[in-house]
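Engineer: Just passing along the structure, written as structure tokens.
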Amino acid sequence: EKLLQVTLRLLINSAKLDRAGILLMDEKREVLELTYAEGISPELFDQVRNYKIPITKVDNVIARVAMTGIPVVIQDVGRSKLNMNNPLIQFFKPKAFILVPLTVRGKVIGVLLADRIHEDAVISDGDREFIVSFANQIAIALENAVLYRKLEVSERKYRELVENAHEGIWIIDETGGIKFANRRMREITGHDTLENRKIYSLLDQENQTRLREVMAQNRMNRVAQQELDIT
């Protein structure tokens with residue numbers, strides 16, 4: 001949401017638009033969903049938040065943009081053939097607007113909607129080129145944000161599994177520094193904190209030698225097993 005807020009405000013200020021919003025694609029349900037908008041009051045946005053459009057609804061101009069990947073400019077909404085009963089038109093009453101697909105690697109992930117509301121408003125060819133270019137950058141930023149969030153969720157689940165494992169698990173670097181130790185490993189060693197310590201401090205001379213042999217095998221990308229006694 002923060003990403004969308006910053007980018008849409010930047011778009012409005014740079015292109016001298018009145019409002020802008022983003023509908024994101026929900027592939028499972030095959031709908032476009034109004035996710036965020038700038039330039040309108042929170043009260044107005046609450047009335048249309050999560051507004052959904054089936055992408056198969058060919059008589060809807062937003063759905064067509066998502067399906068074809070081709071931007072559309074409507075210069076005079078009042079004289080157009082658009083459905084005036086559409087909730088977005090009724091609530092926002094745009095005079096001229098542009099719809100641009102948000103495309104990443106040839107795949108449409110959403111649609112950018114931007115408009116002007118004064119009586120003689122138009123969307124020029126220069127406006128169109130700029131907004132299309134801006135939409136490409138928004139699409140890339142959104143895709144990166146989604147990938148980052150998925151990575152965060154995956155990493156959190158992994159940490160939860162490791163932290164609650166019945167086996168002692170730790171990660172050490174090439175110098176023997178302990179980078180991570182789970183709860184069970186702390187119980188086994190009897191130390192509340194293991195991170196940033198050297199594993200060699202927990203081993204006698206004989207076991208240090210065994211560990212160095214294991215690590216030498218690891219550095220050659222070989223799987224090695226050895227039993228060590230922790231002091």
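Engineer: For the structure I just gave you, tell me whether residue 55 is open to solvent by 20 Å² or more (accessible area, probe 1.4 Å), within 20 Å of residue 123 (Cα to Cα) and of a type in the set (A, V, I, L, M).
Structural biologist: Criteria not met by residue 55.
Engineer: So, in the range 207-223, how many residues would count as being of a type in the set (S, T, N, Q), in a helix (DSSP H, G or I) and either within 12 Å of residue 172 (Cα to Cα) or within 37 Å of the chain's Cα centre (by Cα) (or both)?
Structural biologist: Number satisfying all stated conditions: 1.
Engineer: Give me the pairs: first residue in the range 167-180 and hydroxyl-bearing (Ser, Thr, Tyr), second residue open to solvent by 50 Å² or more (accessible area, probe 1.4 Å), beta-carbon distance under 8 Å, and six or more apart or on different chains, which are they?
Structural biologist: 175/198
Engineer: Of all residues in the range 36-67, how many are of a type outside the set (A, V, I, L, M), over 20 Å from residue 106 (Cα atoms) and part of a helix (DSSP H, G or I)?
Structural biologist: 5
Engineer: Now, a different point. Spot the failing condition for residue 86; the list is (1) out of contact with any Gly (no Cβ under 7 Å at 6 or more places or on another chain); (2) open to solvent by 40 Å² or more (accessible area, probe 1.4 Å), and only one is missed.
Structural biologist: (2)
Engineer: Quick one: how many residues across the range 89-131 are surrounded by 15 or more Cβ atoms within 10 Å (Cβ to Cβ) and among the hydroxyl-bearing types (Ser, Thr, Tyr)?
Structural biologist: Here the count works out to 1.
Engineer: Any residue in the range 13-27 that's in a loop (DSSP other than H, G, I, E, B): show its pairings with residues that are among the hydrophobic types (A, V, I, L, M, F, W, C) at Cβ separation under 7 Å, as long as the two are six or more apart or on different chains.
Structural biologist: From the range 13-27, the pairs are 17/11; 17/114; 18/117.
Engineer: Right, here's the next one. Report whether or not residue 134 is closer than 30 Å to residue 26 by Cα, aromatic (Phe, Trp, Tyr) and surrounded by 10 or more Cβ atoms within 10 Å (Cβ to Cβ).
Structural biologist: yes
Engineer: Quick check on the range 51-60. Is at least one of its residues over 23 Å from residue 133 (Cα atoms), among the hydroxyl-bearing types (Ser, Thr, Tyr) and out of contact with any Gly (no Cβ under 8 Å at 6 or more places or on another chain)?
Structural biologist: Yes, because at least one residue in the range 51-60 is over 23 Å from residue 133 (Cα atoms), among the hydroxyl-bearing types (Ser, Thr, Tyr) and out of contact with any Gly (no Cβ under 8 Å at 6 or more places or on another chain).
Engineer: Identify all residues within the range 68-83 that are in a helix (DSSP H, G or I) and exposed (fewer than 15 other Cβ atoms within 10 Å of the Cβ); write none if there are none.
Structural biologist: Matches in the range 68-83: 68, 78, 79.
Engineer: Residues of the range 187-231 being without any contact (Cβ under 8 Å) to a residue 12 or more places away in the chain, under 22 Å from residue 164 (Cβ atoms) and surrounded by 11 or more Cβ atoms within 10 Å (Cβ to Cβ), which ones?
Structural biologist: 191
The values are calculated or read from the model by the stated rules, or taken from the named source; none is laboratory data. Everything quoted here is computed from the prediction, not taken from an experiment. All Cβ positions, glycine included, derive from the backbone under ideal geometry; neighbour counts span all protein chains shown. We work out accessible area using only protein heavy atoms, side chains counted, and drop any ligands, DNA or RNA first. Shrake-Rupley method; radii C 1.70, N 1.55, O 1.52, S 1.80 Å.
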